[in-house]
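Notes follow once the structure below has been shown.
The values are calculated or read from the model by the stated rules, or taken from the named source; none is laboratory data. Owing to the predicted nature of the structure, the values given are computational and were not obtained by experimental measurement. In this analysis, Cβ positions are derived from the backbone assuming ideal geometry, glycine residues included, and neighbour counts consider all displayed protein chains. These area figures cover heavy atoms from the full protein model, side chains too; ligands, DNA and RNA do not enter into them. Shrake-Rupley method; radii C 1.70, N 1.55, O 1.52, S 1.80 Å.
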Amino acid sequence: MHRQWGCGFLNRLRTWILIGLGLLGVSAAPSNANVHPASDPLTQLDRVKAVFVLNIAKFVRWPEDTEPAPAAPLTLCNFRENVLGPAYDLIDGRSIAGRQLQHLQISEPGELKSCDILLLSEQGIKTYNQSSLLSTDSPLLVIADMTAHKSTGKAYPGVHVALVRMDSRIGFEINLAAANRAGLKFSSRLLKLARIVGEDT
């Protein structure tokens, strides 16, 4: 089961991206989240993916028994590879519900306990699942960068949110069943912009 994308969705998503880029002080031109990289080492695609990661984090609620003090940082981790590259600088230090977003590069599975969000590449998904780094009910928000591929409407094992390609734009899919098992709650505002996918699709 999944929700199809329509014109209304694309318009809301485009507005969401443009607002996010504006808040980061980044030029919105070109307005489409084009997936073809430019000559600039920090491409529009990099910027848009950074906006998605930041905005998704703003609309997620972690289990109350795992949330640290409001002043504690919200830690965004990479496992053995840097997925966003220089684009991390656009969102590093941004405030999310009173918590400052910080970027942490980790290389050992035990370090995942210090993370609130894990950002993975396609190859990273395989490493993450093969290593059984954490149980599926761990309250770690797992976001995967699958923008190299067109959306299939299917969930990726171990992933709660997948950034995917929709023709020349970027969108995202949410695996609600996996998120619920992890105790993660998504705002209804975020769900309206997402394509909902599941393991049985």
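Structural remarks
- Cβ-Cβ under 6 Å pairs, at least 6 apart or on other chains, segment 82-108 side in a strand (DSSP E or B), far side surrounded by 14 or more Cβ atoms within 10 Å (Cβ to Cβ) and small (Gly, Ala, Ser): Ile96/Ala57
- Residue match in segment 144-167 (condition: under 13 Å from Phe79 (Cβ atoms) and part of a strand (DSSP E or B)): yes
- Verdict on Leu118 being open to solvent by 20 Å² or more (accessible area, probe 1.4 Å) and in contact with a Cys (Cβ under 7 Å, 6 or more places away or on another chain): no
- Any hit, segment 161-182, residues being open to solvent by 30 Å² or more (accessible area, probe 1.4 Å), within 26 Å of Ser114 (Cα to Cα) and polar (S, T, N, Q): yes
- Residue count for segment 142-156 satisfying the condition of being surrounded by fewer than 17 Cβ atoms within 10 Å (Cβ to Cβ) and without any contact (Cβ under 8 Å) to a residue 40 or more places away in the chain: 4.
- Residue in segment 61-75 that is outside any loop (DSSP other than H, G, I, E, B), open to solvent by less than 20 Å² (accessible area, probe 1.4 Å) and in contact with a Cys (Cβ under 6 Å, 6 or more places away or on another chain) present: yes
- Subset of segment 78-97 (residues that are crowded, with 20+ Cβ neighbours inside 10 Å and either touching a Gly at 6+ places or on another chain (Cβ under 9 Å) or under 14 Å from Thr127 (Cβ atoms) (or both)): Asn78, Phe79, Val83, Leu90
- Test: Ile125 is outside any loop (DSSP other than H, G, I, E, B), surrounded by 15 or more Cβ atoms within 10 Å (Cβ to Cβ) and touching a Lys or Arg at 6+ places or on another chain (Cβ under 8 Å): no
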